[in-house]
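Nothing in this text is a laboratory measurement; each read-out follows from the coordinates by a stated rule. Note that the coordinates shown come from a computational prediction; the quantities given were computed from them, not determined experimentally. Cβ atoms come from the backbone with ideal geometry, glycine included; neighbour counts cover every protein chain shown.
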Amino acid sequence: MAFSRRNFLKFAAMSAGGAVLADTPFISAEARAKAEGGNVKYVPTSCEMCFWKCGAIAKVVDGKVVKLEGNPYHPQSRGKLCARGQGGIGQLYDEDRLKHPMILEGKRGEGKYRKASWDEALDYVAKKMKAIAAKHGPEAIAMMSHGSSGDYITNVLKAMGSRNIAFPSFAQCKGIRDEAWLLTYGHKPGSSCEQVDLENSRVIVLIGTHLGENMHNSQNQEFAEAVGRGAKIICVDPRYSTAASKSSFWLPIKPGTDTALLLAWINIVISEELYDKEYVEKYTVGLEEVKEAVKKYTPEWAAQETELPMRQIIESVHELCRYAPNVVVHPGRHYSWYGNDTQRARAVAILNALLGTWGRKGGMWLPPKAKFAKFNDGAPAYPPASKPPLIRGDFPFAGGAGVTQVLRDATITGNPYPIKAWFVAGTNLMKALPNQEKTQDAIDNLDLLVAVDIMPTETVMLADVILPECTYLERHDGLYKIKTREAGVAIRQPAVEPMYETKPAWWIGSELCKKLGLDQYAVKGNGMDAWEGRMRRQAKAWGIDFDKLSKDTGYVTIPGSERPYITADNQPFFDTFSEKINLYSEALEEEGFDPVPQYEEVEQPPKDMFRLIYGRSPVHTFSRTINTQWLWELQKENEVWLNKKEAKRLGVKNGQYVRLENQDGMRCNKIKAKVTERIRHDCVYMVHGFGHNAPQMTRADGSGADDQKLITKYIEDPITGGTGMRVNFVKIIKEA
Amino acid sequence: MPRYAMVIDQSRCIGCMACVVACKRENDVPPEHYRTRVLEMVQGTFPDLTTEMRSELCNHCDKAPCVNICPTGASHHEEDGTVQIDRKKCVGCKACITSCPYNARHINKELGVADKCTFCQHRLIEGKKPACVATCVGGSRIFGDLDDPNSEISVLLRKTSHRVLKKSIGTGPNVYYINQYPTRS
């Protein structure tokens with residue numbers, strides 16, 4: 001293995017003392033606290049400022065968290081935390097947090113609540129749930145969730161007999177991509193993280209993936225390592241992103257035409273015989289069919305369709321092939337763009353296969369090899385679903401994580417059966433789902449809306465009952481299986497006691513089970529130590545030293561699990577019917593879809609309107625962190641990026657406030673114009689998550705504009721149910 | 001005695017702001033003030049654009065105007081080469097703030113004294129790197145001892161062309177910038 005800078009630092013960090021300054025001098029959390037004396041303790045835990053699950057170490061002095069550092073043992077953080085991870089203390093000590101259980105008094109949306117004890121609030125919820133289940137069946141109780149807290153509420157619903165549980169992370173994010181790769185490779189392109197071997201890549205292709213701005217710690221560490229090493233970046237993005245600024249090839253593509261580019265690239269790779277012949281022969285099926293199906297996608301045609309120079313299309317793919325297989329076409333993450341997204345993901349998967357990247361150095365590493373014993377702490381099996389769940393709709397390849405808008409539609413129509421209660425845990429549905437009016441309509445039809453959250457978001461403040469969860473720095477969660485190149489186990493445990501009357505979600509779920517007479521599904525034991533006891537039993541079942549994990553390292557490796565590359569004795573396993581990579585997909589064909597991706601044009605904006613595209617900020621996670629002190633201070637509002645020439649035509653000045661109005665007449669809050677050369681003329685861009693309408697979030701409320709408000713239209717991907725959200729057009733209205 | 005300096009590898013900076021937040025927390029920097037910042041400067045016209053990512057902080061200059069101008073001796077050089085402020089001696093007159101060509105200082109309103117990057121001197125004493133360096137996601141900030149020929153920064157500065165900010169004014173900065181822009185096709 002090359003002696004990369006990361007390894008140098010890792011090595012430096014291990015060699016204690018001397019003149020070498022360590023990044024994070026970490027011996028063991030307990031030993032370190034002893035050495036420093038006083039009222040200091042170091043608590044290894046897992047960050048939840050986003051969902052990458054970095055290992056964090058909380059420094060606690062006199063019962064207060066004063067600093068967060070990255071855990072050097074944990075492969076997702078490698079001794080570092082991003083801005084949000086560093087800023088996690090701001091979430092813990094945010095004075096706007098939900099502080100005690102509350103029950104609605106008056107109408108939904110008026111925001112009038114009375115304080116309640118936990119006993120009273122949970123009694124209220126349980127009584128309502130029982131009544132709804134008695135009248136409509138347990139399937140009338142549904143849940144939507146993001147993050148750890150949902151796990152414990154899932155348990156309650158399943159124990160009652162409902163499987164109507166859906167996660168926006170599927171249809172509003174990466175589920176589409178995962179299904180496309182399952183169809184192709186029989187594997188998702190990653191679980192804890194994408195299996196991209198960036199630190200060893202010689203060419204990295206990013207299609208809309210804006211690393212740097214889209215901040216996932218270890219992946220960005222590797223990206224910077226690659227850039228620093230001189231790897232070539234091919235960046236396909238209508239916007240000159242941070243990643244584009246690091247690229248050798250920036251392809252400012254016409255939005256909605258990415259698949260045209262990919263199919264032309266595939267055509268070039270096959271027709272010029274630049275693919276990895278041995279690999280394709282050995283590990284794939286369907287080359288001939290693909291060859292035939294992409295013949296018509298010539299570089300000339302693609303240049304016209306994508307508005308990219310033909311020379312650039314050809315040269316970039318030649319560069320990619322030159323260094324194959326030590327290259328990767330990044331699988332991407334947020335994929336719900338245009339409503340035909342599964343086929344775009346398929347094209348990315350096929351191109352990777354032709355280049356032979358799966359299981360190759362600098363390409364995509366093979367998933368780690370580790371088996372974890374099944375552990376459910378002696379709880380009985382769940383009763384079968386009372387009625388078939390609605391979470392898949394008519395989408396043949398909708399995954400088990402569920403299609404949120406299908407649940408929403410059923411809640412509105414009552415078909416095929418009524419849904420009368422929602423639990424919403426850790427997700428601000430108003431900002432996560434397209435078409436806010438529909439979300440509101442669905443909520444209006446509910447007999448019960450329960451929110452489990454830490455902040456008084458717009459969705460939480462619509463709930464009938466608010467159950468305030470404590471933050472990740474105040475609670476235990478499950479032992480986490482972390483799958484990077486190696487498999488490992490990490491822990492989340494409290495650095496400090498829960499503040500106010502907040503409770504961990506495991507406790508909330510467990511107490512709710514008891515109130516519902518489902519004691520057999522509650523956590524065994526009593527009191528706030530009960531979950532830790534369960535974690536100990538789980539660690540034992542997995543053969544993990546719990547004390548080492550909780551007091552010392554916060555992360556332990558499963559030895560021998562790391563086998564990243566294909567060798568004679570380490571052959572890849574493709575969990576598909578053919579046991580090979582399906583370049584041609586019979587499964588798609590059987591369901592009436594194109595077995596090889598074909599290009600579909602998307603609607604283009606009418607004259608004087610722009611396509612609205614959106615993305616991420618490195619200092620914020622969706623709408624979750626806007627109110628967090630230091631992160632808010634760094635970015636209080638979002639801006640709308642507008643091409644300089646277009647701005648001149650419209651008479652919009654840089655820094656001027658404007659409003660956007662979409663094709664359905666929906667207007668957003670005022671937003672600052674960023675007049676820039678960094679974006680094409682036919683689209684405007686903003687960071688997602690701003691523009692809160694949540695008066696109790698004193699910093700975030702009203703600052704910036706909400707892209708989701710403008711996303712009234714969405715197109716469902718017929719294969720997976722993903723909601724294409726980049727299909728809205730806006731015009732610019734100048735503020736008086 | 002070490003002679004501390006920082007190297008910023010601009011090509012590795014991904015503008016994630018981890019350094020900025022780490023610094024704020026580590027040093028209890030008051031709201032709306034920063035001891036370090038990251039500037040993103042874009043030049044050119046669509047689609048021929050280039051970007052410079054530039055992390056800025058106190059340069060701990062060898063010939064520091066702030067030390068020269070300080071009427072009370074609060075701003076001073078230490079043996080490790082760093083420029084520090086003795087808060088007990090600072091009267092908050094702001095002379096150093098106007099004299100600094102790098103706009104690296106501000107008044108800490110909570111304490112009524114001038115404030116700036118210390119290279120996290122309190123951490124150096126404990127054998128730790130500055131907070132911004134420790135958490136730099138891109139590995140763009142590199143810190144070490146110029147007097148140690150084998151330190152990572154000494155090696156880097158020997159083999160890479162580098163520059164300092166506003167070299168011509170002769171302040172002798174100890175923050176070095178290296179950069180290799182990608183050539184774009």
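If you go through the range B:32-70 and pick out every residue that is more than 25 Å from B:I178 (Cβ to Cβ) and part of a loop (DSSP other than H, G, I, E, B), you end up with 5.
Criterion first (surrounded by 21 or more Cβ atoms within 10 Å (Cβ to Cβ), in contact with a helix residue (DSSP H, G or I) (Cβ under 9 Å, 6 or more places away or on another chain) and under 30 Å from A:K246 (Cα atoms)) does B:C19 satisfy it?
Details: surrounded by 21 or more Cβ atoms within 10 Å (Cβ to Cβ): yes; in contact with a helix residue (DSSP H, G or I) (Cβ under 9 Å, 6 or more places away or on another chain): yes; under 30 Å from A:K246 (Cα atoms): yes.
Yes, satisfied.
Restricting attention to the range A:224-253, the residues that are more than 7 Å from every other protein chain (Cβ to nearest Cβ), outside any strand (DSSP E or B) and either touching a Lys or Arg at 6+ places or on another chain (Cβ under 7 Å) or aromatic (F, W, Y) (or both) total 2. Consider the range A:301-330 and keep the residues that are more than 12 Å from A:W265 (Cβ to Cβ) and among the polar types (S, T, N, Q). The one that is surrounded by the most Cβ atoms within 10 Å (Cβ to Cβ) is A:N326.
The rows are residues; the columns are (1) in a helix (DSSP H, G or I); (2) more than 14 Å from chain B (Cβ to nearest Cβ).
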{"site": "A:L68", "(1), (2)": "no, no"}
{"site": "A:L81", "(1), (2)": "no, no"}
{"site": "A:D96", "(1), (2)": "no, yes"}
{"site": "A:G106", "(1), (2)": "no, yes"}
{"site": "A:E110", "(1), (2)": "no, yes"}
{"site": "A:R114", "(1), (2)": "no, yes"}
{"site": "A:V125", "(1), (2)": "yes, yes"}
{"site": "A:A134", "(1), (2)": "yes, yes"}
{"site": "A:M144", "(1), (2)": "no, yes"}
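Restricting to the range A:666-680, name every residue that is surrounded by 19 or more Cβ atoms within 10 Å (Cβ to Cβ), in a loop (DSSP other than H, G, I, E, B) and touching a Leu at 6+ places or on another chain (Cβ under 7 Å). Once the filter is applied, which keeps residues that are surrounded by 19 or more Cβ atoms within 10 Å (Cβ to Cβ), in a loop (DSSP other than H, G, I, E, B) and touching a Leu at 6+ places or on another chain (Cβ under 7 Å), the range A:666-680 yields A:C668, A:R678.
The condition of being touching a residue at least 12 places away in the same chain (Cβ under 8 Å), closer than 23 Å to B:M1 by Cα and surrounded by fewer than 18 Cβ atoms within 10 Å (Cβ to Cβ) holds for B:G172.
Given the structure, is A:L473 of a type in the set (A, V, I, L, M) and part of a strand (DSSP E or B)? Spell out how you get there, then give the answer.
Values: of a type in the set (A, V, I, L, M): yes; part of a strand (DSSP E or B): no.
Criteria not met by A:L473.
Quick one: A:L274 ticks every box in (1) away from chain B (no Cβ under 14 Å); (2) touching a Cys at 6+ places or on another chain (Cβ under 6 Å); (3) among the aliphatic types (A, V, I, L, M); (4) within 18 Å of B:F46 (Cβ to Cβ) bar one, so which box is it? A:L274 satisfies every listed condition except (4). For the range A:644-655, the set of residues classified as surrounded by 15 or more Cβ atoms within 10 Å (Cβ to Cβ) and touching a residue at least 40 places away in the same chain (Cβ under 8 Å) consists of A:L650, A:V652, listed by residue number.
Of the residues in the range A:175-202, how many are among the hydroxyl-bearing types (S, T, Y) and part of a helix (DSSP H, G or I)? Of the residues in the range A:175-202, 2 are among the hydroxyl-bearing types (S, T, Y) and part of a helix (DSSP H, G or I).
For the range A:693-713, indicate whether the set of residues that are surrounded by fewer than 23 Cβ atoms within 10 Å (Cβ to Cβ) and assigned to a strand (DSSP E or B) is non-empty. Yes: one or more hits.
To keep it simple, each residue is scored yes or no on (1) out of contact with any strand residue (DSSP E or B) (no Cβ under 6 Å at 6 or more places or on another chain); (2) in contact (Cβ under 8 Å) with a residue 24 or more places away in the chain; (3) loosely packed, with under 14 Cβ neighbours inside 10 Å; (4) in a helix (DSSP H, G or I).
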residue: A:E501; (1), (2), (3), (4): yes, yes, no, no
residue: A:W506; (1), (2), (3), (4): yes, yes, no, yes
residue: A:G509; (1), (2), (3), (4): yes, yes, no, yes
residue: A:N526; (1), (2), (3), (4): yes, no, yes, no
residue: A:G533; (1), (2), (3), (4): yes, no, no, yes
residue: A:I544; (1), (2), (3), (4): no, yes, no, no
residue: A:R563; (1), (2), (3), (4): no, yes, no, no
